[in-house]
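Structure first, commentary second.
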Amino acid sequence: MNLIVIPFHDWRKIQKEGFRTRDAHFIEEFGTIKSQKTLIVNRPTTRLEIFLRYRKIRFNYDVVYKEKYFTLYKINDNLYMVDSIFPDIIGQLLKKYLWFVEKYGDEGLLKFINKCLNIIDFSECVILSQNIFAYQLLENVSSSLKIFDAWDDFTKFNVYKKVRFKIYEAYNVYAKKCNFWVTNSKENISRFYQKFSPNFISLIKNGVDVKRFSGKSEIPRDIKNIPRPIVGFGGKVSHLIDVPFLNEVLIDNPHLSFVFIGQILDKKVYKKINKTNNFYYLGDKHYDEYPNYVKNFDICIIPYVVEDSKKSGANSIKMYEYLAANKKVIGTSGNGLEEMQEYVFVTNDPKNFSLILNSSQAGIKNEINIDEYSWNLRVRELLKLINSY
């Protein structure tokens, strides 16, 4: 089987930050399967964006074919990538997210992809789109099977508020054109059926790279002098964090150090966090370094919003990473935590949250076979589903 994957994130971003997102983990696993070839259609970009964000990133891959704005790279024997660098810098600056919608439907890109399919002998292939903005590409490239990975509900993200009409259009196209969808939470399944009526949705939850988060670790320099116990959060600072809830917990536990690691996606959310003396933000970390931080947390938390209007139907990757590191995990309901209550502590009351933080019980509530939650098994679930069609 040959597979075309349209990830949400730019391959340069993945190289810069590490394989830490769902799409990156999927591709990492696809690249290890010798019985299939995978073609990545990278996110369109411009020279300006590369200069501003990824100037140190270089693709040291073999060039198989090149034409105008497009290049076909060979990453390894069974992994290829189409990269497109458009000259339309002003258009990208003005149109922002709509620019990506436009470029994924670019006639030149579509023709180049079809040429590449002939060059690398993709006579019969399956398309997996993990990108809400790439619906025109999926719609216009022929394949025997079309799948959409609806890993989060993008209609709930404030950052896409101005292009929400286009996101609804994308979901509706995916519902009509795809043989089936996959998603990472039961909550998403019911919500997507109700909103967009796709043919079929299958649950494939997130997972964990077990080897990265188990075993010994070094103590990172910037965490060495932080007073213990350390309560850690590793993830994006976004609208998903329940700031009033978190602020109450911070104030009620001055004897605990709260260490946050990850990208700040929403600056307004970060500004609202009460910067108490026991709050430490250590910035974003490469995914190769990040496990050392998790292993050096004493307790791990996921203080996310619980209101339906604010949740995006996520299945928290960090929960599995915390568990793989054998950490005590406390979080609010939703985001897959309530389904793992055998192993994690779940409460929506900040006072009770503090009580659990300070309880003598350490580590996972019950013994877990974390191998059953690996990315390798998740990808095999997907391939099994594809083969059944």
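Residues that are out of contact with any Gly (no Cβ under 8 Å at 6 or more places or on another chain) and free of Cβ contacts under 8 Å to residues at least 24 places away in the same chain are absent from region 286-302. When the helices (runs of 4 or more DSSP H) confined to region 91-189 are screened for residues that are within 22 Å of D10 (Cβ to Cβ), within 20 Å of the chain's Cα centre (by Cα) and not small (G, A, S), those reaching at least 1 such residues are found at 97-104, 135-140, 164-177. The condition of being out of contact with any Leu (no Cβ under 8 Å at 6 or more places or on another chain) and buried (at least 21 other Cβ atoms within 10 Å of the Cβ) holds for only one of K275, K328, that being K328. Residues in region 7-24 that are within 22 Å of N206 (Cβ to Cβ), touching a Lys or Arg at 6+ places or on another chain (Cβ under 8 Å) and either among the hydroxyl-bearing types (S, T, Y) or assigned to a helix (DSSP H, G or I) (or both): W11, K13, K16.
Of all residue pairs spaced 6 or more apart or on separate chains, none has beta-carbon atoms under 7 Å together with a first member in region 198-213 that is outside the structural domain of E339 (by TED's automatic domain parsing) and without any contact (Cβ under 8 Å) to a residue 12 or more places away in the chain and a second member that is assigned to a loop (DSSP other than H, G, I, E, B) and of a type in the set (A, V, I, L, M). F245 meets each of the listed conditions (1) over 24 Å from S360 (Cα atoms); (2) in contact (Cβ under 8 Å) with a residue 40 or more places away in the chain; (3) not small (G, A, S) apart from (1). Could we say that Y135 is buried (at least 20 other Cβ atoms within 10 Å of the Cβ) and in contact (Cβ under 8 Å) with a residue 40 or more places away in the chain here? Yes; evaluated as a whole, the condition is true for this residue.
Tell me, please, whether a residue that is assigned to a loop (DSSP other than H, G, I, E, B), without any contact (Cβ under 8 Å) to a residue 60 or more places away in the chain and closer than 22 Å to L382 by Cα can be found in region 41-63. Walk me through it before giving the result.
Taking region 41-63 first, the residues assigned to a loop (DSSP other than H, G, I, E, B) are 42-44, 55-61.
Now restrict to residues that are without any contact (Cβ under 8 Å) to a residue 60 or more places away in the chain: 42, 55-61.
Restricting the remaining residues to those that are closer than 22 Å to L382 by Cα gives 42.
Yes, region 41-63 has at least one match.
Would you pick out the residues in region 25-40 that are buried (at least 19 other Cβ atoms within 10 Å of the Cβ), part of a helix (DSSP H, G or I) and not β-branched (V, I, T)? H25, F26, E29, F30, listed by residue number. Of all the residues in region 265-303, those that are on the phi < 0 side of the Ramachandran plot and either part of a helix (DSSP H, G or I) or of a type in the set (G, A, S) (or both) number 12.
Only residues that are of a type outside the set (S, T, N, Q) and either modelled with pLDDT of 95 or more or in contact with a Ser or Thr (Cβ under 9 Å, 6 or more places away or on another chain) (or both): list them for region 76-92, please.
L79, Y80, M81, V82, D83, I85, F86, P87, D88, I89, I90, G91
The set of residues in region 225-255 being buried (at least 18 other Cβ atoms within 10 Å of the Cβ) and among the β-branched types (V, I, T) consists of I230, V231, V237, I241, V243, V249. The set of residues in region 349-385 that are in contact with a Gly (Cβ under 9 Å, 6 or more places away or on another chain) and not aromatic (F, W, Y) comprises S374, N376, L377, R378, V379. Which of the residues that make up region 202-257 are closer than 30 Å to W375 by Cα, touching an Asp or Glu at 6+ places or on another chain (Cβ under 6 Å) and part of a loop (DSSP other than H, G, I, E, B)? Once the filter is applied, which keeps residues that are closer than 30 Å to W375 by Cα, touching an Asp or Glu at 6+ places or on another chain (Cβ under 6 Å) and part of a loop (DSSP other than H, G, I, E, B), region 202-257 yields I204, S238, H239.
Taking residues in region 175-189 that are at negative phi, and partners anywhere that are among the basic types (K, R), the pairs with Cβ atoms closer than 8 Å and at least 6 places apart or on different chains are K177/K146; C178/K146; N179/K146; N184/R22; N184/K205; S185/K205; E187/K311. Which residue, of D121, D153, is over 21 Å from Q194 (Cα atoms) and in the same structural domain as L79 (by TED's automatic domain parsing)? Just one listed residue meets the conditions, D121.
Okay, residues lined up against (1) of a type in the set (F, W, Y); (2) over 22 Å from N352 (Cβ atoms); (3) crowded, with 19+ Cβ neighbours inside 10 Å; (4) touching a Gly at 6+ places or on another chain (Cβ under 8 Å):
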{"position": "N172", "(1), (2), (3), (4)": "no, yes, no, no"}
{"position": "K177", "(1), (2), (3), (4)": "no, yes, no, no"}
{"position": "I189", "(1), (2), (3), (4)": "no, yes, yes, no"}
{"position": "V208", "(1), (2), (3), (4)": "no, yes, yes, no"}
{"position": "G215", "(1), (2), (3), (4)": "no, yes, no, no"}
{"position": "I223", "(1), (2), (3), (4)": "no, yes, yes, no"}
{"position": "S257", "(1), (2), (3), (4)": "no, no, yes, no"}
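Scanning region 97-135 for residues that are among the charged types (D, E, K, R) and at pLDDT below 95 turns up D121, E124.
The values are calculated or read from the model by the stated rules, or taken from the named source; none is laboratory data. Computed from a predicted structure; not experimentally measured. No Cβ is skipped: glycine too gets one built from the backbone with ideal geometry, and neighbour counts run over all protein chains shown.
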